[in-house]
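The values are calculated or read from the model by the stated rules, or taken from the named source; none is laboratory data. A quick note: this is a predicted structure, and the numbers were derived from the prediction, not measured. Every residue, glycine among them, receives a Cβ derived from its backbone with ideal geometry; neighbour counts consider all protein chains shown. Note: accessible area is taken over every heavy atom of the protein model, side chains too, but ligands, DNA and RNA are not part of it. Shrake-Rupley method; radii C 1.70, N 1.55, O 1.52, S 1.80 Å.
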Amino acid sequence: TEFPDFIVEDVEPGILDATLTAINGTINGLADADPHNPGIQLTGTAAQISAAVAAATFTATASGDSGISLGVTDVGHLTAIDIYYMLASNAGIAPNIEDLVTPLPPPGGGTAVSGDGNGDGAADSQQLSVTSAPLFETATAQSDPGNAPQTFITIVADSNAGDVDASDGNSTFLAHLAQLDAPKGLPTALDMPLGLISFSANISEPGLTETFSLFIDSSINLNGYWTQGEDRVWNNIATMIEMVGDKTRIDFAITDGGQFDADQMVNGVIVNPGAIGFMPLSIVGIAPDANGAGFWF
């Protein structure tokens with residue numbers, strides 16, 4: 001998030017010392033005048049400090065309570081300190097909601113961790129690259145959910161077979177997740193039981209190809225992850241579908257600025273409205289042909 005309206009004022013002109021400290025997060029975009037002391041140190045007039053802080057950003061390191069502490073000292077006079085508190089959540093999903101996901105036991109057996117939808121041994125609410133959320137089992141969840149039951153999905157960014165890939169040095173976090181209605185004019189045979197899953201992910205470097213995994217209860221009928229390219233044709237971009245415990249894991253990849261990145265910009269943000277879906281074999285009984293990014297019909 002960008003900083004809220006942090007403004008430093010001083011009735012007298014002069015040089016001030018300021019210290020910014022992140023609580024359960026990191027502060028970005030500021031040069032530390034004294035890296036030997038805790039926090040980020042700034043020195044300047046009130047206007048200079050205000051301008052510097054206005055350009056900064058804050059990133060939470062986990063869901064839950066977080067904040068920014070700002071202390072300002074008028075040398076030889078007084079020190080003023082204030083704290084701006086926030087509640088951080090993964091992709092807009094509150095931690096207490098994420099914790100309700102059915103946990104997946106770790107590979108090879110063992111005790112499942114509460115709130116761990118992908119079975120990596122850590123609660124999803126404590127990982128910025130992993131988000132779990134309840135969705136309505138209907139194609140019209142946004143306009144008319146009715147009395148549809150709910151089922152959880154878990155989405156993993158920078159994924160290696162469902163686990164966050166710590167080996168590539170990338171830092172990716174999920175910024176947004178929402179359920180939308182299935183669009184009008186779908187191919188007759190394409191079934192989207194949950195409508196569209198719209199998400200965005202912030203990646204470490206513009207232009208990268210990022211890998212994702214999506215976990216869903218195995219009772220949901222599917223044979224791919226379907227999304228539209230620049231030509232508006234529905235493509236199955238799943239690279240792997242397999243059963244993991246009582247869930248199905250779907251792997252797929254999207255390139256920042258590529259044909260399946262909905263914002264069509266090389267900007268370090270991947271945006272994709274896609275769908276867990278099922279498309280039967282062709283009417284002549286031939287399996288779908290593969291192309292470079294998945295399948296087409």
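With the simple model of a label 7 Å out from the Cα in the direction of the Cβ, Asn221 to Ala112 spans 2.5 nm.
What does a probe at Ser69 reach in the stretch 15-33, counting residues whose amide N is under 20 Å from the point 7 Å along Cα→Cβ? Inside the label zone: 17-33.
Solvent exposure of Asp34, expressed as accessible area, is near 50 Å², computed with a probe of 1.4 Å over the protein chains only. Surface calculation, 1.4 Å probe, protein heavy atoms: His176 sits at approximately 80 Å² accessible. Per residue, the convex hull around the alpha carbon atoms of the stretch 60-162 comes to 168 Å³.
Computing Rg and the Kirkwood Rh from the Cα coordinates of the stretch 119-269 gives a ratio, Rg/Rh, of 0.94.
Note on the stretch 81-143 and the stretch 194-235: Cα centroid distance 18 Å, given to the nearest whole angstrom. Within the full protein context, the accessible area of Ile83 is estimated at about 60 Å² for a probe radius of 1.4 Å. Applying 0.36 nm per residue to the separation of Ser167 and Leu78 and subtracting their alpha-carbon distance, the gain on full extension is 27.3 nm. Oblate is the label for the stretch 198-285, because the ratio a/c of its alpha-carbon gyration tensor axes (a ≥ b ≥ c) is 1.5 or higher and a/b is not greater than b/c.
The accessible surface of the stretch 1-106, taken with every protein chain in place and a 1.4 Å probe, is 56 percent carbon and sulfur. Our summary of shape: the Cα atoms of the stretch 31-96 have principal axis extents of 46, 24, 22 Å, ordered from largest down, in whole angstrom.
Comparing Gly146, Gly277, Gly162 in a Gaussian network model of the chain, where Cα atoms under 10 Å apart are tied by springs, the biggest mean-square fluctuation is seen for Gly146. Note on exposure: Tyr85, Tyr225 ranked by accessible area (1.4 Å probe, complete protein assembly) read Tyr85, Tyr225, with the most exposed listed first. The mean of 1/r over all pairs of different alpha-carbon atoms in the chain, once inverted, gives a Kirkwood hydrodynamic radius of 21.3 Å. Per residue, the chain exposes 49 Å² of solvent-accessible protein surface, assessed with a 1.4 angstrom probe and all protein chains in place.
Mean separation of Cα pairs under 8 Å and 6 or more residues apart, divided by the residue count, gives the stretch 119-270 a relative contact order of 20 percent.
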